[in-house]
Amino acid sequence: LGTRKEAGLAWSAAMSVGVSALDTDHKCLIRIINLLGNVVSDEDAEQAMEMVVDTLIVYGRFHFAREERLMAAAGFPGAPFHCAEHHGFVHHIRRLRDSCAKPATPKMCQELWEYLIDWLCHHILIQDMAYKPYMINMAGAEQMAQAVAPPLPMTDRERILSEV
Ligand SMILES: [Fe+2]
Ligand SMILES: [Fe+2]
């Protein structure tokens, strides 16, 4: 399990799904959501909520496309249900974006952070983990993942942590 820190939740090796491009996506998604964890003023709240939801919609689309391509190639039998979960999440955050009350507050950021982190952690640990045995030894998985879209590069700090 990831550990909760002051700045939010940190990815941990227990969340690895066996394909590094997908792990990099998950780290990026967590990093995006954690931007909601440090909001202290009303002025920052609205901007943070809009930016996080918009960025999640864009990067989530890349990540879900990458996973869905690999699940199909691996012959993962749970793929249809898994894709429906992705679709439902995107639909939900789109609606959330349209219905965001204004003005936003730090408390709303905190609640959104909790919802998004809970959804993502649960999804990674339960749904994504289910395809791991199908993908971990699949030849060409990394190249196929990169072909959908390049994952965002890791920060130096994450690269250092992943090498120890
Ligand atoms: Fe995922
Ligand atoms: Fe997924």
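What follows draws every value from the coordinates through simple rules; no lab data is involved. Note that the coordinates shown come from a computational prediction; the quantities given were computed from them, not determined experimentally. Cβ atoms come from the backbone with ideal geometry, glycine included; neighbour counts cover every protein chain shown.
Per residue of the chain, the DSSP helices (runs of n ≥ 4 H) give a summed -39500 (n - 2.57) that works out to -22000 deg cm²/dmol at 222 nm.
Taking Cα centre as origin and charging only the Cβ of basic (Lys, Arg, +1) and acidic (Asp, Glu, -1) residues, the dipole magnitude of the chain rounds to 300 debye.
Which value, in Å³ per residue, describes the convex hull spanned by the Cα atoms of the stretch 107-152?
85 Å³
In plain terms, the residue of 94, 66 with the fewest other Cβ atoms within 10 Å comes first and the most crowded comes last, giving 94, 66. Rounded to the nearest angstrom and listed largest first, the equivalent-ellipsoid semi-axes of the chain from its Cα gyration tensor are 28, 18, 13.
Can you give me the Kirkwood hydrodynamic radius for the stretch 9-101, using every pair of distinct Cα atoms, in Å to one decimal? About 14.6 Å for the stretch 9-101. Helices in the chain that qualify as membrane-span-like (whole DSSP H runs, Cα extent of at least 18 Å along the helix axis, mean Kyte-Doolittle hydropathy of -0.5 or higher) are 20-34, 42-74, 106-122. Remark: relative contact order (the stretch 24-98) = 32 percent; criterion is Cα-Cα distance under 8 angstrom and separation of 6 or more residues.
Could you work out the relative contact order of the chain, using alpha carbon pairs under 8 angstrom and six or more residues apart, expressed as a whole percent?
Relative contact order here is 36 percent.
Cβ crowding within 10 Å, taken as a proxy for footprinting-reagent exposure, orders 27, 107 from fewest neighbours to most as 107, 27. The order of 61, 31, going from fewest to most other C-beta atoms within 10 Å of their C-beta, is 61, 31. Think of the stretch 13-119 as having a plus end and a minus end, set by charges on the Cβ of Lys, Arg, Asp and Glu; of 36, 48, 88, 88 sits farthest toward the positive end of this dipole. Each other residue within a Cβ distance under 10 Å of residue 45 adds +1 if Lys or Arg and -1 if Asp or Glu, for a net charge of -3.
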